[in-house]
Amino acid sequence: MSANNSYFFDNIASVFRFGKHRGKSLWSVMSENESYVYWCVNNIPEFTISKETLKQIRALFPMFIITSNFSSHIGELQEFDDYDEDDGWRDYEEEPTYERYRGSYAQDEMGYSDDDIDTIFDGDPLAYWNID
């Protein structure tokens with residue numbers, strides 16, 4: 001991944017070079033509006049973070065859930081040398097479900113899984129419009 005990629009974050013202090021949070025650090029955006037990071041993952045295929053950035057996110061934001069969509073933006077599980085089942089990281093092998101909110105715009109059109117809707121929208125698939 002090239003360091004000049006506008007969508008690449010090599011650490012938590014990396015600055016957004018796009019969108020409504022242009023000029024703010026990833027840390028700042030996650031502190032203010034972590035749903036924007038989920039929006040980037042779901043809408044910008046080039047959005048990528050380094051393994052080091054993931055470690056920093058896990059240390060500073062332990063409640064931040066790494067969804068299956070998010071994990072595809074940080075690489076494959078085997079790339080994590082220090083991955084440990086007991087350290088609280090989300091199981092990357094878990095397949096997302098698309099059952100409870102089937103028929104909703106957030107799931108059928110936007111592609112959010114049941115877990116994403118539960119996490120990001122507090123279980124209300126109609127709240128998808130509130131994501132900036």
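Okay, here's what the table says:
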{"item": "In range of the label at SER6: residues from region 27-41 whose backbone nitrogen is under 19 Å from the point 7 Å along Cα→Cβ", "result": "29, 36-41"}
{"item": "Length released on extending from GLU52 to THR97, taking residue separation times 0.36 nm less the Cα-Cα span", "result": "13.3 nm"}
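Only the coordinates and a few stated rules stand behind these numbers; no lab work does. Just so we're clear, the structure is a prediction, and the values are computed from it rather than from any experiment. Every residue, glycine among them, receives a Cβ derived from its backbone with ideal geometry; neighbour counts consider all protein chains shown.
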